Amino acid sequence: MMLPKWHALNSYNMIKEIKREKHELDATDQAPGRLATQIAMILRGKNKPDFSPHIDSGDYITVVNAKKVKFTGKKLVQKDYFHHTMHPGGLKRTPMKKIFEKDSTEVIRRAVYGMLPKNKLRDGMMKRLTIKA
């Protein structure tokens, strides 16, 4: 049977079972941004040969020793996180040092969250991330 050119099957249209592995990363003496790029790549599934951007084929990740990350320069004191309350004059600023002291895992979580694609797949990817202090 001859299919029209636009109906030809390719590797993107094939339905296959997604095999998810478990990875464990140690955050000791690593910069949070560099660690977050590794985590984002694995969560997205870019380390697999059958990567496809519209399919969530990433793996599970556990990060240990999050409180032992190493900040280069003066980032711990100078970097701020912003959010807006959606009211006039509602821009709120929170220093990274305050967030790191309250919950050391939140700095890595926010870095990874910003590196993942801004679409419906992001929440599912973040659910597969576990960070332990």
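We did not get these values from a lab; they are worked out from the coordinates using the rules stated. The structure presented is a predicted model; accordingly, all values stated were derived computationally and were not measured. FYI the Cβ positions are ideal-geometry reconstructions off the backbone, even for glycines, and counts take in every protein chain you see.
Summary table
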read-out	value
Relative contact order of the chain, pairs being alpha-carbon contacts under 8 Å that are 6 or more residues apart, as %	29 percent
Dipole magnitude (debye, nearest 20) for the chain, charges at Cβ of Lys, Arg, Asp, Glu	420 debye
Angstrom value of the Kirkwood radius, inverse mean 1/r, which spans all Cα pairs in the chain	17.0 Å
Cα-based helix-to-principal-axis angle, 105-115 vs the chain, degrees rounded to 10	40 degrees
Computed lengthening from ASP29 to ARG110, 0.36 nm per intervening residue step minus Cα-Cα distance	27.3 nm
Spin-label pair GLN78/GLN38, simplified geometry with 7 Å Cα→Cβ offset, distance in nm	2.6 nm
Long-range amide H partners of HIS23 with built H, under 5 Å	TYR60, ILE61, THR62
For LYS70, distant residues with modelled amide H under 5 Å away	ASP29, GLN30, ALA31
Extension gain from HIS54 to LYS70, taking 0.36 nm per residue of separation minus the Cα-Cα distance	2.4 nm
Residues whose placed amide H lies under 5 Å from that of LYS79, excluding near-sequence neighbours	MET96
